[in-house]
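K.L.:
Structure in structure tokens, see below.
Coordinate-derived values only; no laboratory data. Note that the structure is predicted; figures quoted are calculated from it, not measured. So basically every Cβ, Gly included, is an ideal-geometry build from the backbone, and we count neighbours across all protein chains shown.
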Amino acid sequence: SLGVAATGQVGAGLSTRIGMAIWTHAWKAGLLELLLRERWVWVVAELSREVLSLMVEPRSSEAAVVNSVVNGNSEVAPGCMQRVRVVKAEAGGLIISIKGAGREVILEGPPLKFMWEVTPYTKKSSLVSDLPWEGAALQSPSLSDSKDSGSPQHQGPHDCKAIPLKVCFTTRNLSMPDLENRLIVLHSPDRHNTLILRCKDTEMAHSWFTALHTNIVALLPKVLAELNTMLSTGGAAAGSREVKHIAWLAEQACLDRGRQQWRPILIEVTEKDLLLYDGMPWTRDVWASPCHSYPLVATRLVHSGSGYCLSALGSELTFATWMGSHQGVEMHIFRVETHWDLSSWTHVLVQGCNTTGELIKEVTAGECSLLGRQEVQLCIHYEGSFTIHCKEPDGRVLVCYPYKRLKMSADDGIRTPYLDFGGPKGELVLDLHSCPKPIVFVLHAFILAKVTRMGLLA
């Protein structure tokens, strides 16, 4: 280890007003350690509004000079004999470089192995060549001609890289062990590259992480504007799906033998859907092909806070969702990095579900049976009522109840929902021929949206 890297200054925050929110941009500079070619090197880090600049600390590349001074004088008279004693540990190899040795060098001791080419072992670490950061943001239509394009820029003759923070993901204690709690990991927008920094102590790591996270979050409104501009040029189909919220989260993934781990996932929330991506979708084609897509109206927030998922370092901030599908209920657990993130996502999901109910207005189930006998069609209307009518061409209404009549709802989790609208004929048993959760979630979303609109729920 190179020891602790640890000096830094924090500049005054620069605030920018965007809509109703005020985003603060942090400025920070200091000496950190960077994991480069499987070893730690010292770097001078400077955090600005949109860029993290890294430059190799000159002292980190200078080899320590041992036994090069005789009696405090590095200049030795010609012909003077110098005796150098090298103590080698039992394990590992040894490389000796003698500068200005003269014509004759006598090495006493065990047999030595001479290596004519030692460049691979003495090569100086270079940020320019050894720190790849292929930026997917280069494909952004509005960023491709700018300096902050998502790929590091080489600045001047120094060994320096400037890494744009736009759509990056900064984490701590996510995928690699950090017993000392000193590491900060920065993921590129396409998740192809990772930058690992080590700080002096936990307090320093928290300070740098907070500054990085603050600046990344402050760039999200700009990312949203560029993304929606791109989608608006793709016709009515794309333009009608405006992205309301975007951010990186960590999703809990199940591995073999019951093992679990966190993996970065980019989540976008539109007016009606929850979209999951492995990386930032800079083109319309990529955006139209998410890893997973879930309707907000059939999504339920079941947990938000700490204590739901425990790790070796204690309780983590998480929220959990149930996604209703025809195959059943899919449960997803997401980890956030700050309390602000948790509050923001809780508000986005709850508000998004209510808004979606007002936009969709009506949901019609496929084939279903009433009391196990008659084939009917179920229709749930946001403004109207709960209706069951015969299939075409008859189409006559069999049952029609307003929401205020609903006393209780339940389901068996397999194919049958139970609805009680009161009265002698108010109990309904339906066979949906598939999991009832989507319909039940839609029904509850409509009711919650109506209650919220009436001002009965804060």
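K.L.:
With r defined as the distance between the Cβ atoms of Lys272 and Met454 and R0 fixed at 25 Å, what FRET efficiency is calculated, to the nearest 0.05?
P.N.:
Step by step, r from the Cβ atoms, then E = 0.65.
K.L.:
Describe numerically, in nm with one decimal, the distance between label points set 7 Å from Cα along Cα→Cβ at Lys407 and at Ser369.
P.N.:
Computed distance between label sites Lys407 and Ser369 equals 2.6 nm.
K.L.:
Tell me, what ³J(HN,Hα) does each residue in segment 170-180 have, in order and in whole Hz, if you take phi through Karplus 6.51 cos²θ - 1.76 cosθ + 1.60 with θ = phi - 60° and put x for Gly and Pro?
P.N.:
Once θ is set to phi - 60°, the couplings for segment 170-180 become 9, 9, 9, 6, 9, 10, 10, x, 9, 5, 8 Hz.
K.L.:
In nm, to one decimal, how far is the modelled label at Glu38 from the one at Asp201, with both set 7 Å along Cα→Cβ?
P.N.:
About 3.3 nm separates the two model spin labels.
K.L.:
With the convex hull built on the Cα atoms of segment 362-454, state its orientation-averaged projected area in nm².
P.N.:
5.8 nm²
K.L.:
Rank by packing, highest mean first: peptides 447-455, 49-57, with packing defined as the count of other Cβ atoms within 10 Å averaged across residues.
P.N.:
Highest to lowest by the protection proxy: 49-57, 447-455.
K.L.:
If packing is taken as the average count of other Cβ atoms within 10 Å, what order do 180-190, 260-270 fall into, highest mean first?
P.N.:
Going from most to least packed, we get 180-190, 260-270.
K.L.:
How would segment 184-274 be classified by its alpha-carbon gyration tensor: rounded, prolate or oblate, with rounded meaning a/c under 1.5 and the a/b versus b/c comparison settling the rest?
P.N.:
It is oblate, given that a/c is not under 1.5 and a/b is not larger than b/c.
K.L.:
Peptides 333-342, 422-431: what's the order by average Cβ count within 10 Å, highest mean first?
P.N.:
333-342, 422-431
K.L.:
Here is a follow-up. In debye to the nearest 20, how big a dipole does segment 356-405 give about its Cα centre with +1 on each Lys and Arg Cβ and -1 on each Asp and Glu Cβ?
P.N.:
The dipole magnitude comes to about 240 debye.
K.L.:
Further question on the same structure: Sorting Glu383, Glu392 on the 10 Å Cβ count, fewest up front, what's the list?
P.N.:
Placing the least packed residue first, the sequence is Glu392, Glu383.
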